[in-house]
Amino acid sequence: MPAETIVEVEGRKLKLTNLDKVLYPATGFAKGQVVDYYARIAPVLLPHLQGRPLTMKRYPGGVDAEFFFEKNAPKHRPDWVKTTPVWSEGNNRTMYYLLADDLPTLVWIANLASIELHPSLSLGADIETPTMIVFDLDPGPPANIVQCCQVGLLVRDIFEHFGLRSFAKTSGSKGMQIYVPLNTKTSYDETKSFAHAIARLLEQEHPDLVVSDMKKAVRTNKVFVDWSQNDQHKTTISVYSLRARERPTVSTPISWEEVERGLKKKNADLLVFEAKDVVARVEKMGDLFGPVQTLKQKLPQLSGLTANAQKDESNKAGASPKTTQALRKKAGDKVIPMATDKTRGSKAKASPKKRRKV
């Protein structure tokens with residue numbers, strides 16, 4: 001195969017290089033296959049990337065070699081590749097993040113050996129407003145994704161109790177992530193404190209299963225519910241992104257039925273999907289994560305945890321009665337969840353609106 005290949009993608013000419021270079025040594029999965037995967041999965045991936053500042057995680061030497069994160073768009077990019085300006089307090093300057101809004105841009109990004117794609121939880125046009133809340137479930141060995149299934153169902157049932165839908169995906173690595181679409185006006189102060197309160201509550205009610213502390217020493221055989229991803233300065237692996245693991249695994253949307261089956265059968269392999277598997281799943285099942293981009297839901301207001309809630313008679317199978325009880329407080333006929341992130345100290349100040357921050 002030649003070192004350079006010229007292709008035309010939707011009217012854009014692209015020079016692809018070193019397509020035969022193996023990026024996954026254990027399987028022989030080459031750069032050309034990475035580009036091909038992203039081109040094939042683009043119809044369902046692009047809606048989840050459009051308008052979102054994108055951080056690339058590049059592996060020019062393959063998954064076993066050194067990698068680097070790239071936030072600022074490369075200067076050598078084609079003039080048709082779009083960017084969005086985001087003010088960075090850490091760098092004290094405006095950063096120009098890539099916007100993977102179309103197929104030519106996605107193919108160009110894949111050609112940079114950007115195996116992993118990490119978009120913002122916000123749109124570039126409104127960087128201070130997350131469109132979703134995310135719970136990153138990270139198992140501490142010997143726990144694995146089976147235990148994540150158990151915790152994921154607890155998270156699902158909590159939100160269902162308040163009339164909110166949530167969606168699960170594998171991380172493509174060891175764990176699982178639960179997304180709650182909002183697509184309504186909110187702030188990272190609200191989503192982060194909400195996520196932290198839920199994580200601490202789960203830890204309190206399931207101390208043998210859940211931990212909310214970031215210290216790795218306390219995670220052994222437990223699931224760390226990482227609430228801290230709900231931050232303007234952080235990103236989470238994109239749905240349908242490849243992961244730089246031994247094999248070309250993918251962060252894959254899964255149905256709640258699949259989560260329940262994984263827990264019942266206690267088989268982690270049921271929730272491991274590689275690139276070829278995901279393309280086939282989408283052809284059969286469509287985009288299970290589609291509603292995350294469109295479903296409008298309001299995050300309940302938080303003002304404090306209640307420990308004196310009444311028994312939840314409608315508690316669903318798999319949920320913890322204690323957990324659901326602890327989230328309830330009667331206010332007339334309406335159930336309102338209440339939580340406070342006390343660990344954040346004094347009340348957080350509202351982010352200034354003049355500058356969009358990274």
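The values are calculated or read from the model by the stated rules, or taken from the named source; none is laboratory data. Note that the structure is a prediction, hence the values are computed from the model and not measured. Virtual Cβ from ideal backbone geometry, glycine too; neighbours counted across all protein chains shown.
Below are the figures for this structure:
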| quantity | calculated |
| --- | --- |
| Hits in the range 135-175 - residues which are of a type outside the set (A, V, I, L, M, F, W, C) and assigned to a strand (DSSP E or B) | 136, 138, 139, 169, 170 |
| Restricting the range 91-105 to residues that are buried (at least 23 other Cβ atoms within 10 Å of the Cβ) and of a type outside the set (S, T, N, Q), the residue that is farthest from residue 81 (Cα to Cα) | 97 |
| Where a residue in the range 250-264 is touching a residue at least 24 places away in the same chain (Cβ under 8 Å) and its partner, wherever it lies, is aromatic (Phe, Trp, Tyr), with Cβ under 7 Å and at least six apart | 250/240; 250/273; 251/240; 252/273; 253/167; 253/289 |
| Residue under evaluation residue 23, criteria (1) crowded, with 18+ Cβ neighbours inside 10 Å; (2) free of Cβ contacts under 8 Å to residues at least 24 places away in the same chain, criterion not met | (2) |
| Matching residues, the range 222-245, being assigned to a loop (DSSP other than H, G, I, E, B) and of a type in the set (A, V, I, L, M) | 237, 239, 244 |
| Residue that is at pLDDT 95 or above, crowded, with 20+ Cβ neighbours inside 10 Å and over 23 Å from residue 52 (Cα atoms), where the choices are 278, 272, 250, 210 | 210 |
| In the range 1-48, the residues that are more than 19 Å from residue 276 (Cβ to Cβ), of a type outside the set (D, E, K, R) and in a strand (DSSP E or B) | 5, 6, 7, 9, 14, 16, 17 |
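Conditions tested, residue by residue: (1) part of a helix (DSSP H, G or I); (2) in contact with an Asp or Glu (Cβ under 6 Å, 6 or more places away or on another chain); (3) among the acidic types (Asp, Glu).
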residue	(1), (2), (3)
177	no, yes, no
190	yes, no, yes
194	yes, no, no
198	yes, no, no
201	yes, no, no
214	no, no, no
220	no, no, no
260	yes, no, yes
